[in-house]
1. Hey, for a label at residue 273 modelled as a point 7 Å past Cα toward Cβ, could you say which residues of the stretch 280-309 have their backbone N under 18 Å away?
2. With a bin width of 10 angstrom, please list the P(r) values of the stretch 234-296 as percents of all Cα-Cα pairs, from the 0 bin to the one holding the largest distance.
3. With a 1.4 Å probe and all protein chains in place, put 352, 328 in order of accessible area, largest first.
4. Considering the Cα trace of the stretch 192-417, what is its radius of gyration and what is Dmax, both in angstroms?
5. Enumerate the amide H contacts of residue 337 below 5 Å, restricted to partners 5 or more residues apart or on another chain; note that Pro and chain-start residues carry no placed amide H.
6. Which lysines, on any chain, are close to residue 92 with Cα under 17 Å apart, when same-chain ones fewer than 8 places away are left out?
7. Which FRET efficiency value, to the nearest 0.05, is calculated for residue 198 and residue 330 with the Förster distance at 22 angstrom and r the Cβ-Cβ distance?
8. Could you derive backbone 3J(HN,Hα) for the stretch 356-364 from the dihedral phi with the Karplus parameters 6.51, -1.76 and 1.60 (θ = phi - 60°), listing whole Hz in sequence and x where the residue is Gly or Pro?
Amino acid sequence: MDDPAFAVETDLTTQSILLAAANHDIRALRDLLRNSSANVQDDETGFTPLHAAIAACEPDEQNDSAPGQVNGHTNGDTTNGETTSEVSEERKQELEAAASTVRFLFQQGAIWNDLDSNGETPGCIAHRLGLKELYELCVDAGVRAELLLSRLDQYQPLGGADSEDDEEEEEEVEEATDAAGAAQTNTGAGDESTENTNYLSSNLTFDRNRILDGSANGVMMEWETTLMRRSAELLLPKTGLRVLNVGHGMGIIDGIFQEKSPSSHHIIEAHPDVLQRMKGQGWYEKPNVTIHEGRWQDVVQGLVEKNELFDAIYFDTFAEDYKALREFFTEYVIGLLDPAGVDGGSGRFGFFNGMGADRQVCYEVYNKIVEMDLFEAGFDTEWETVPVPDLDSEREWDGVRRKYWVLDKYKLPTCVFID
Ligand SMILES: C[S@@+](CC[C@H](N)C(=O)[O-])C[C@H]1O[C@@H](n2cnc3c(N)ncnc32)[C@H](O)[C@@H]1O
């Protein structure tokens, strides 16, 4: 392995694969990938074959910059992101060849969300360049990969642990897991917010317009107020209803729920600093308010056993992954939400929809996955699009470790039981 000749050969193979991908030369790729992987990466640019195949479609400025396309955003009727009437035959062929190459690479196990040295996934490049079909191929591949990952996550080998068949099966699962999700977007090493229990024992800082954890991650920020207000309006359309909120944070949504004079208002909160602050702010004395101290994982079963029913449930915790949200709505919402909640219609469930919101392509992948999982759990989801202002220009992220939101549109979910 230390042989320099071997390193040169590997590098040459990588460069040949990247070149074939950029040329949309499937025949050459097929040959090259017989003895190599569709996930090689250029040392300098971090490009994978998918990045190369998509980036090669960037219009050449003097020649074929597409009208109707500004900074990768498109206006009007589009094919692959460009105004249909204006796309030359040559350009159409190039984009079709790129789409075939991208499909071929996915068939060969290419990872949808590897990052290049600019921090872009292949889908991010397609989005930036306004290449709609290539972008959709990346979203679809992301959905397939993430679904596979979540299924594998539930996988339990059958039979005794040491049978040869089981070992082989486990190896296959490991390989599939690597291919599907090896490059899941990193949330940052040494970061307390990646583990719920670490977060819960970290010290919080409360500013006027935000809460930060011990690693300077934004736990909750005031810019989300518009999203909280709209969620509350949709969940509690009138006064006197019963509501459960999981995760108090800055108390923004709980404050808005209070404006609706709920007949019963339960709040589950686990962080001691937040609970301390709630005491100081008089939340424990508010009429019809019940506060459950602890992790929702330790509280909700008790509510189910007491037959507590709600017209509306909102879920917005912190430092938890998508699996936690899915567990909450598949296992518990079903037992806590009144099927005959609001005006004879089903009760309503909402949640902060922020998974993957540091990249458009990841956000779309998660939106599709969560909608499918909600459907499987028995819910219909309505989405409302809410504009989000430019948080960079408003300097919202100053002093915050990681931007958890970079998009200009929030997709607000409201879920009811399927009829
Ligand atoms: C993003 S904030 C909620 C913001 C809230 N929606 C608002 O309007 O201000 C998340 C809250 O969930 C709490 N939390 C995190 N993990 C939790 C868990 N497992 N159970 C209960 N609460 C949790 C955090 O301490 C934090 O107060």
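The values are calculated or read from the model by the stated rules, or taken from the named source; none is laboratory data. These numbers come from a predicted model, not from an experiment. Reconstructed Cβ throughout: ideal geometry from the backbone, glycine too, with neighbour counts over all protein chains shown. Areas reflect the complete protein model, heavy atoms only, side chains present, ligands, DNA and RNA absent. Shrake-Rupley method; radii C 1.70, N 1.55, O 1.52, S 1.80 Å.
1. So the set is 280-281, 294-295.
2. In whole percents, the pair-distance histogram is 23, 59, 18, 0.
3. Values: 352 40, 328 0 Å².
Result, largest first: 352, 328.
4. That works out to 16.6, 48 Å for Rg and Dmax.
5. Amide H to amide H, under 5 Å and 5 or more residues apart or across chains, residue 337 pairs with 310.
6. 132
7. Working: r = 25 Å, r/R0 = 1.15.
Once the sixth-power term is evaluated, E becomes 0.30.
8. So the Karplus estimates, Gly and Pro as x, are x, 7, 8, 8, 4, 5, 5, 4, 5 Hz.
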